[in-house]
Structures are given as structure tokens and as C-alpha cells.
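Reading through the C-alpha cells given below for one structure.
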Amino acid sequence: MVLRAAMLWLAGNTRAEDLVRRAPFARSMVERFVAGEDSETALAAARALRERGLLVSLDLLGENAPDEARAAEAGRAYLALLDQIEAAGLPGNISIKLTMLGLDNSDELAWEKLEAIVRRADELEIFVRVDMEGSDYTERTLGLFRRVHDLYPKAVGIVLQSYLYRTDRDLDEMIERGARVRIVKGAYKEPETVAYPHKSDVDAAFRRHIELLLEDGNYPAFATHDEAIIRMTQGYALRMGVERSRFEFQMLYGIGKRRQEALVAEGYNMRVYVPYGTSWYPYFMRRLAERPANVLFILRQMLRS
Ligand code: FDA
């Protein structure tokens, strides 16, 4: 837990970012989790996954746009990505983060970009998933999501994080409105006032949320690499008579590759989240924080450099 907290703190630290970006060991580790630095490379990776029967969601990395110009740039990049997906004839979703579209600046700035992206996606029949970020943004992210979901209910879905106490309530609301939910454990550093501090409680909440989504959700996505929870999900779906076509599993690019393919072979929908772009640092650090072996490796390398 202490190591995880340290890595998540470093994820927001610019001096650590400089060190990691310059470190010779970083490139091969980054390549494991990030599909490339531009959309062409990411689309090629997505095509290779599709050929193996996997579904994809493309994510242009970036968060916390510092000004309006950067938010506008991100908005344009996502619109271009939608056209590239269409031109490539590649069935695929995209995942977006509202802080990349200007949420730190104002709700209206992020809304303008979000609405334009979802409107275009709706025209192209591409699905947009709004990722969930740190808890400071949860309320505003849900507010903007409700607005855009009212306009384009088929084209957009949300992520909820089981580690937050509030998620029991938010999940009920999202099920009620028929929104497509990706449920995750949660990846950010959160205080005990808003999130379960113990992993066992997070796992218990995650299981509870998966059951609710299997019972009443609209094509839910279970995003996890946790084998015990994947098996529990399969078992619960079977007991409840929920067909495999009515939900999907999701995993991150570079994690659990063999398991991803095995799930496809078993007849499950399996989507891989394919991140790309030059702003990979915070995403990369969160992935390292999820696994103690990764954390120890990188801390040792940083102390040496
Ligand atoms: P857990 O962390 O318990 O890991 C279970 C096992 O999986 C580990 O024992 C290990 O074997 C393997 N594993 C997990 N992470 C690994 C890693 N980084 N490297 C190597 N092995 C690893 N979070 C968020 O807050 N907002 C969001 O929008 C999203 N979006 C999202 C999309 C998708 C498709 C996925 C899969 C995940 C997210 N997440 C996320 C991240 C999520 O909250 C969570 O941090 C990670 O999925 C890790 O949790 P697990 O459920 O895998 O379990």
C-alpha cells in the first residue's frame, strides 16, 4: 500500500517525470503498456488485436490540459481519430478523459469538446467511453455524462470505480438510466474519506457491483485482470442465465495477453484498452503502481540514475 501510494504520488510529479523519461530502462517498460506514440501505430496495434478476435478501445493519452489551446488540440485529435477509425474500417471504441478536454478550465469548455466528439461518434456509430479520473472530478464528470447521454444514449457510456463509497449510489442511478457502465476497481490515490483504504473491501465492492450489473445493467463491461473475479463473473452470469453476448470483459494493453485470448476462445467478448500518444507518463505510473514487482524495479532504477 505504501509503495502504491508513493508511485501514485510520483505520477503527478514533474521532476520524477523528467527522470523517468530520460531513463534508459523506461522505453521497453513503456512499450509494454503503451501501443505507440501516434495514431497510425495505435491503429496498427488495434488491427493486430482485431485479427486475433479481440475488441478494442483506443485511448489518446493525456490528462489535465493546462489551457484552452491544449484542450482544443485534444478535441481535434479525437475527432481525427474517429475519422481514422472509420477510414480504416476498424470496428472500435474510443475512451476519453474530460480533464484532457479542459475540465480543469471549466465545465463548459470540456462540454463543448465532449459534445462534438460524441455527436461525430454517433454519426459514425462508434462508441465513446468516458473514463473516470480522481474523485475531485467525479461529480462534474457524471454531470457532463448525464447531459451527453441524454442527447446520444447509444453512443456514450461511463466508467465507475468500485473503491469509491459513492459508487453504490451512482451505479443504481446509471442502471436506472440504462447507461452502459464499465466497472473498475479504481486507479487513483484517494483519501479514506472517499474510498475504501483496504483492498479486500475494494474487491468486495467490485464483486457486488458486477453482480448488480449482470442482473440489471445495459451491456456492462467488467474491466479487470483479477482472475478470481473473472471466474466469479463467469459463474454468476451462468447461474443467472445471462448470455455471454450481453456483457464484455476488458483488459489493458500489455496485461494478461494469454488470458485475453483464452476468453475469446471461450466465447466471451473481450475488449483491449489501447493507449497511445506522447503523454504516457501518468498512465504508465498508475500501471506500475498496480503491481509491487513493477514498483520495486522502477524505484531501484530511479535511485541509481
Ligand atoms: P488487481 O489490481 O487486484 O490486479 C489483479 C491481478 O492482475 C494482479 O495480481 C496482476 O496479476 C494483474 N495486474 C493488474 N494490474 C497489473 C499491472 N499494471 N501490471 C501487471 N499485472 C497487473 N481506473 C480508473 O480509475 N478509471 C478508469 O477509467 C479506468 N479504466 C480502465 C479500463 C480498463 C479496460 C481496465 C482494465 C482498467 C481500467 N482502470 C481504470 C484501472 C482499474 O481501476 C485498476 O486499477 C486496474 O484494472 C487494476 O485492477 P485489477 O482489477 O486488474 O485488479
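No lab work stands behind these numbers, since they all come straight from the coordinates. If you're wondering where the values come from, they're calculated on a predicted model, not measured in any experiment. Here Cβ is always computed from backbone atoms with ideal geometry, including for glycine, and neighbour counts include all displayed protein chains.
Once C-alpha pairs closer than 8 Å and six or more residues apart are averaged by separation and normalised to the residue number of region 173-305, the relative contact order reads 20 percent.
Determine one quarter of the surface area of the Cα convex hull of region 241-282, which equals its mean projected area, and express it in nm² to one decimal. Working shown, then result.
On the way: hull surface 15.3 nm².
Its average projected convex-hull area is 3.8 nm².
Put in line by how crowded their Cβ is, counting other Cβ atoms within 10 Å and starting with the fewest, HIS149, HIS209 read HIS149, HIS209.
If you take the square roots of the eigenvalues of the alpha-carbon gyration tensor of region 4-133 and sort them as a ≥ b ≥ c, do you get rounded (a/c under 1.5), prolate (a/b over b/c) or oblate? Could the numbers behind the result be given before it?
Details: a/c = 2.17, a/b = 1.16, b/c = 1.88.
The shape class here is oblate.
Annotation for region 22-94: chymotrypsin sites (Phe, Trp or Tyr not before Pro) lying in DSSP loop with at most 16 further Cβ atoms inside 10 Å of their Cβ are PHE25.
Candidates GLN260, SER245, GLN234 compared by Cα position along the dipole of region 216-305: farthest toward the positive end lies GLN260, with charges placed on Cβ. Projecting the Cα atoms of SER106, LEU10, ALA80 onto the charge dipole of region 1-111, computed from C-beta unit charges around the Cα centre, puts LEU10 farthest toward the positive end. Within the same chain, lysines fewer than 8 places from LYS189 are excluded, and of the rest, those with a Cα less than 29 Å from its Cα are LYS97, LYS113, LYS199, LYS257.
The GluC sites (Glu not before Pro) of region 165-207 that DSSP puts in a loop, and whose beta carbon has at most 11 other beta carbons within 10 Å, are GLU192.
Of ILE175, ILE94, the sequence from fewest to most neighbouring Cβ atoms within 10 angstrom is ILE175, ILE94.
For the chain, which DSSP H helices look membrane-span-like by this rule: Cα extent along the axis of 27 Å or more and mean Kyte-Doolittle of at least -1.0?
Going by DSSP H runs, the hits are 68-88.
Please report, in debye to the nearest 20, how large the charge dipole of the chain is about its Cα centre when each Lys and Arg carries +1 at its beta carbon and each Asp and Glu carries -1 there.
Details: 43 positive and 46 negative charges, 261 e Å.
With Lys and Arg at +1 and Asp and Glu at -1, about 1260 debye.
Its alpha carbons give region 129-275 an Rg and a Dmax of 14.7, 42 Å.
Residues TYR188, TYR163, ranked from the fewest to the most other C-beta atoms within 10 Å, line up as TYR188, TYR163. Expressed as a whole percent, the proportion of Cα-Cα pairs in the chain lying more than 23 Å apart is 56%.
The Cα atoms of region 130-185 cover 28, 19, 15 Å along the three principal axes, with the biggest extent listed first. Projecting the Cα atoms of TRP280, PRO292, THR224 onto the charge dipole of region 177-305 (Cβ charges, centred on the Cα centre) puts TRP280 farthest toward the positive pole.
Express in % the proportion of alpha carbon pairs of region 192-305 at distances exceeding 22 Å. Roughly 46 percent, rounded to a whole number.
Ignoring everything except DSSP H segments at least 4 long, calculate the 222 nm mean residue ellipticity for the chain; use -39,500 (n - 2.57) per segment, divide by total residues, nearest 500. The partial results should precede the final answer.
Numbers: 13 runs with 165 residues, N = 305.
Rounded to the nearest 500, the figure is -17000 deg cm²/dmol.
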